[in-house]
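K.L.:
First the structure, which I've put down as structure tokens, then a few questions once you've had a look.
The values are calculated or read from the model by the stated rules, or taken from the named source; none is laboratory data. Keep in mind the model is a prediction, meaning the values are calculated, not measured. Here Cβ is always computed from backbone atoms with ideal geometry, including for glycine, and neighbour counts include all displayed protein chains.
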Amino acid sequence: MKTEQQTQFKTAFEQEVYEGLTTFPKKVSSKWFYDKKGDKLFQQIMELPEYYLTGCEYEIIDTHKQEITKLFQEQAGFDLIELGAGDGKKTKILLEKFASEGINFTYKPIDISQNMLDELKNAINHKWPQIDIKPEQGSYFDVLKDLGNRDTDRKMVIMVLGSNIGNLTHPQAVDFLVNIRKTMRSGDLLFMGLDQKKNPELVLSAYNDSQGITEAFNKNLLHRINEELESDFDTNQFKHWPVYDPETGTAKSFLVSTQDQKVTIKKLNLEINFTAWESIHTEISQKYDDNIVEWLSKEAGLEILAQYSDKHNRFTDYVFKV
Ligand code: AVJ
């Protein structure tokens, strides 16, 4: 049954939804959150009072921009490559500083969303016309392949902000870091923001905000399946359920079926049964501490050169070298 079906998948989305919902326990990856509506909802999340991550990293970069600039600037000039740039809100603090000091650099924001990149480029061209910006649309995977084949002697600084790698398990994160490390040469840097272990109440409320935006973000996955794969999920019959395990530092989000129900996914030629209180696992948001980060970087062949935290130690930006 499953093998017959597999030959018919037209997209990775179709295949992953099929496999995730026919396995036990059910799961669908958070990487599918980000359609147009999902991008909007995530931007709203970043404005939420409970979602401390953005404000903390903004504070860190603003407080330490002088030292960060110095680290980046050692050598003649550098190419700043940002993976998952989004709206660039935090990066703009550095861009402003580099521009005002006449620093020799280029900026390559990379994002899966062409929409976000267009907006970012317009905003930067308007505010700092002197900045050499070359956006690139693509997944981390495509982009890292290109970076490996770069033919220039310029120093490269790779930036991954917002605890974006928190959606990866530790083995996946090591893999990702190894792939980054392979593109780096001596003198190149990796600047990466990682959310820290903290009071579990603070973590949990970041994923369970009072306005229900995170709930809508999680449930948007079902809406996306409804739209793109012609299914009939009733999102009112699912409950947004985030949990946080302070031992592992893993926040997980689920959608829990509140009753027995059957869902039909036409494009997959599939009927899915849910028993009451059965879950779909949709996301992990890993929290870190220095020990975990030291272990990850050792596994990946990287070395921590510097680190900066906000005043409450909720979030840390690490600078790695090869
Ligand atoms: C973009 C992966 C960092 O896990 O905190 C926000 C995504 N999910 N609220 C995170 C997210 C629910 C976010 N990252």
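K.L.:
Among residues belonging to the stretch 49-71 that are touching a helix residue (DSSP H, G or I) at 6+ places or on another chain (Cβ under 7 Å) and polar (S, T, N, Q), point out the one that is surrounded by the fewest Cβ atoms within 10 Å (Cβ to Cβ).
P.N.:
THR69
K.L.:
In the stretch 210-261, which residues are within 25 Å of ILE165 (Cβ to Cβ), surrounded by fewer than 16 Cβ atoms within 10 Å (Cβ to Cβ) and hydroxyl-bearing (Ser, Thr, Tyr)?
P.N.:
Residue satisfying the conditions is THR248 alone.
K.L.:
Another question, then. Would it be correct to say that LEU168 is touching a residue at least 60 places away in the same chain (Cβ under 8 Å) and within 13 Å of the ligand (Cβ to nearest atom)?
P.N.:
So LEU168 fits the description; yes.
K.L.:
Test each condition in (1) within 14 Å of the ligand (Cβ to nearest atom); (2) farther than 22 Å from ILE133 by Cα; (3) of a type in the set (D, E, K, R); (4) out of contact with any strand residue (DSSP E or B) (no Cβ under 7 Å at 6 or more places or on another chain) for GLU67 and report the one that comes out false.
P.N.:
With respect to (1) within 14 Å of the ligand (Cβ to nearest atom); (2) farther than 22 Å from ILE133 by Cα; (3) of a type in the set (D, E, K, R); (4) out of contact with any strand residue (DSSP E or B) (no Cβ under 7 Å at 6 or more places or on another chain), GLU67 is out only on (1).
K.L.:
Can you give me the number of residues within the stretch 169-207 that are closer than 30 Å to PRO49 by Cα and surrounded by 18 or more Cβ atoms within 10 Å (Cβ to Cβ)?
P.N.:
Final tally of qualifying residues: 14.
K.L.:
I've got another one for you. What pairs can you find where one residue is in the stretch 262-284 and assigned to a strand (DSSP E or B), the other is among the charged types (D, E, K, R) and within 16 Å of the ligand (Cβ to nearest atom), and their Cβ atoms are less than 9 Å apart, with a gap of 6+ or different chains?
P.N.:
SER279/LYS27; ILE280/LYS27; HIS281/LYS27; HIS281/LYS252; THR282/LYS27; THR282/LYS252; GLU283/LYS252; ILE284/LYS252
K.L.:
If you don't mind, there's one more thing I want to ask. For the structure I just gave you, tell me whether SER186 is among the hydroxyl-bearing types (Ser, Thr, Tyr) and not in a helix (DSSP H, G or I).
P.N.:
Here the answer is yes, as SER186 does meet what is asked.
For (1) part of a helix (DSSP H, G or I); (2) among the small types (Gly, Ala, Ser), each residue gets a yes or a no:
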| residue | (1), (2) |
| --- | --- |
| LYS10 | no, no |
| GLU14 | yes, no |
| GLU19 | yes, no |
| GLY38 | yes, yes |
| GLU57 | yes, no |
| GLU67 | yes, no |
| LEU71 | yes, no |
| LEU80 | no, no |
| ALA85 | no, yes |
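K.L.:
If a residue must be within 16 Å of the ligand (Cβ to nearest atom) and among the polar types (S, T, N, Q), how many such residues does the stretch 270-319 contain?
P.N.:
Number satisfying all stated conditions: 4.
K.L.:
Six or more apart or on different chains, Cβ atoms under 9 Å: show the pairs whose first residue is in the stretch 110-135 and without any contact (Cβ under 8 Å) to a residue 12 or more places away in the chain and whose second is surrounded by 13 or more Cβ atoms within 10 Å (Cβ to Cβ) and β-branched (Val, Ile, Thr).
P.N.:
Sorted first by the residue in the stretch 110-135, then by its partner, the pairs are ASN125/ILE131; ASN125/ILE133.
K.L.:
Something else: Here are GLY102, GLY88, GLY77: which of them is in contact (Cβ under 8 Å) with a residue 40 or more places away in the chain and either surrounded by fewer than 19 Cβ atoms within 10 Å (Cβ to Cβ) or on the phi > 0 side of the Ramachandran plot (or both)? Don't jump to the end; show me each part of the working.
P.N.:
Values: GLY102 fails: in contact (Cβ under 8 Å) with a residue 40 or more places away in the chain; GLY88 fails: in contact (Cβ under 8 Å) with a residue 40 or more places away in the chain.
Exactly one residue qualifies, and that residue is GLY77.
K.L.:
State whether one or more residues within the stretch 31-43 are in contact with a strand residue (DSSP E or B) (Cβ under 6 Å, 6 or more places away or on another chain), away from the ligand (no atom under 16 Å from the Cβ) and within 25 Å of ASN226 (Cβ to Cβ). Please lay out each step first, then the result.
P.N.:
Filtering the stretch 31-43 down to residues in contact with a strand residue (DSSP E or B) (Cβ under 6 Å, 6 or more places away or on another chain) leaves none.
No - not one qualifying residue is present in the stretch 31-43.
K.L.:
Quick one: would you say GLY148 is at pLDDT below 95 and among the small types (Gly, Ala, Ser)?
P.N.:
Yes; evaluated as a whole, the condition is true for this residue.
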